[in-house]
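Working notes, beginning with the structure itself.
We did not get these values from a lab; they are worked out from the coordinates using the rules stated. Source: prediction; values computed, not measured. Cβ atoms come from the backbone with ideal geometry, glycine included; neighbour counts cover every protein chain shown.
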Amino acid sequence: MGLRDILNEEIIDLSLKGTTKDEVLHELAGHLHSAGYIADVEEFVKDIYVREEEGITGMGNHIAIPHGKSSSVTRIGIAIGRTENEIEWESYDGQPVNLIFLFCVSDDSDFARNHMMLLAELAGKLGNDARVEMLQKVETKESLIEVLTSEEVEAAENSVADAEEFDESLISF
Amino acid sequence: MSLKIVGITACTAGIAHTYIVAEKIATAAQEAGHQCKMETQGTIGRQNELTAQDIAECDVVIVAHDIKVGGMERFAGKPVVDIPISTAMKSPKSLIATIEKKLNKK
């Protein structure tokens, strides 16, 4: 089993219509429901907000990674959406987002462990800014999956950039 | 000077931040010419677990976490950078650059 096995075109939408965080979350949750990943849209969205309360899910670079850790999840996956307009979202770089990766995971941590491992691997891919830049440019779901699953990405300069300067006083040695 | 860096990441939910930050630190370190191995402690447990040899050979340890991490005793005697997940998320490059500077001064 590989990364492609948790990516599903049915739950990827490169033309989300929502203009607010709430609309976008409902839209993506709707896709998850139609594709048989969750039992109930409202219950799932409610559980996403529980996680949102705990900390920031806007990663910077216009990407958000809300997590739906919910008992209404029946199949592990990740809904991916891109919006035409930027959406207000609490983020590490203070910028709005337009690319949303909604993690759809069970609240039972032993459920579908092999899928959870693939999700972890996929999350790691989002730590590379060069890859994220490519994701912003893709035009089809197929090429989005291609960029997400590729081993290496060519970086024009560096593959990571800082949103702010590191505070030297945090190192005591 | 090429450094050997090891570290651990652990976020509250253990689903996404842990893995993204591990990748950011490793990428920033490698692009600055260092070796780096990051252990992740998430909902699926420890992955890419550091070996006794990894730790014995390392010059510095980076622990980026929002929850308690397991196995800190493994790093006794090593310089440890202990920071929140958010700091590593926002400043991976200057984190590495600062470590280089501080280790050079020692």
Query raised in the report: Considering only the other residues whose Cβ falls under 15 Å of the Cβ of residue A:29, what net charge follows from Lys and Arg at +1 and Asp and Glu at -1?
Result: -4
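Seen from all sides and averaged, what is the projected area of the convex hull of the Cα atoms in the stretch A:3-151, in nm²?
7.8 nm²
With Cβ to Cβ distances under 14 Å as the rule, what net charge do the other residues near residue B:103 carry (K, R +1; D, E -1)? Don't skip to the answer; put the middle values down first.
Details: positive: B:4, B:78, B:101, B:102, B:105, B:106; negative: A:168, B:59, B:100.
That works out to +3.
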Report summary line: With label points set 7 Å from each Cα along the Cα-to-Cβ direction at residue A:50 and residue A:149, the distance between them in nm comes to 3.2 nm
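With a 10 Å Cβ neighbour count serving as the proxy for reagent exposure, in which order, fewest first, do A:134, A:117, B:38 appear? Write down the numbers at each step before the final one.
On the way: A:134 19, A:117 16, B:38 24.
With the sparsest Cβ surroundings first, the list reads A:117, A:134, B:38.
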Report summary line: HN-Hα couplings for the stretch A:75-90 via Karplus (6.51, -1.76, 1.60; θ = phi - 60°), in whole Hz with x for Gly/Pro, come out as 8, 7, x, 9, 8, 10, x, 10, 9, 6, 9, 7, 9, 4, 7, 5
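Beyond 19 Å, what share of the Cα-Cα pairs of chain B remains, rounded to the nearest whole percent? Let's see the in-between values first.
On the way: 2008 of 5565 pairs.
Taking all Cα-Cα pairs of chain B, the fraction more than 19 Å apart is 36 percent.
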Query raised in the report: DSSP loop trypsin sites (Lys or Arg not before Pro) in the stretch A:1-58 with at most 14 other Cβ atoms within 10 Å of their Cβ, which ones?
Result: A:17
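At a Förster distance of 45 Å, what's the computed FRET efficiency of residue B:103 paired with residue A:109, Cβ-Cβ distance as r, to 0.05?
Working: r = 38 Å, r/R0 = 0.84.
Calculated transfer efficiency: 0.75.
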Requested in this report: Any chance you could give the angle, 0 to 90 degrees and rounded to 10, that helix B:92-105 forms with the longest Cα principal axis of chain B?
Outcome: 40 degrees
Report task. Distance from a point 7 Å along Cα→Cβ of residue A:142 to each backbone N in the stretch A:1-36: keep the residues under 14 Å and list them by number. Result -> A:9
Query raised in the report: What percentages, rounded to whole numbers, describe P(r) for the protein assembly as shown computed over all alpha carbon pairs with 5 Å bin width beginning at zero?
Result: 1, 6, 13, 17, 19, 16, 12, 8, 5, 2, 1, 0
**Report entry** Degrees, to the nearest 10: A:113-125 long Cα axis against longest axis of chain A
**Finding:** 30 degrees
Report summary line: Largest-first semi-axes in Å of the equivalent ellipsoid built from the Cα gyration tensor of the stretch A:1-81 are 18, 16, 14
Query raised in the report: Against the longest principal axis of chain B, how steep is helix B:17-31, in degrees 0 to 90 to the nearest 10, with axes from Cα atoms?
Result: 20 degrees
Query raised in the report: What FRET efficiency do you get for residue A:90 and residue A:133 if R0 is 30 Å and r is their Cβ-Cβ distance, rounded to the nearest 0.05?
Result: 0.85
Query raised in the report: If you take the charge dipole of the stretch B:4-105 about its Cα centre, with +1 on Lys and Arg Cβ and -1 on Asp and Glu Cβ, which of B:41, B:91, B:25 is farthest toward its positive end?
Result: B:91
Requested in this report: Mind giving me the nanometre distance, one decimal, between the label points for residue A:71 and residue B:12, set 7 Å out from Cα along Cα→Cβ?
Outcome: 2.1 nm
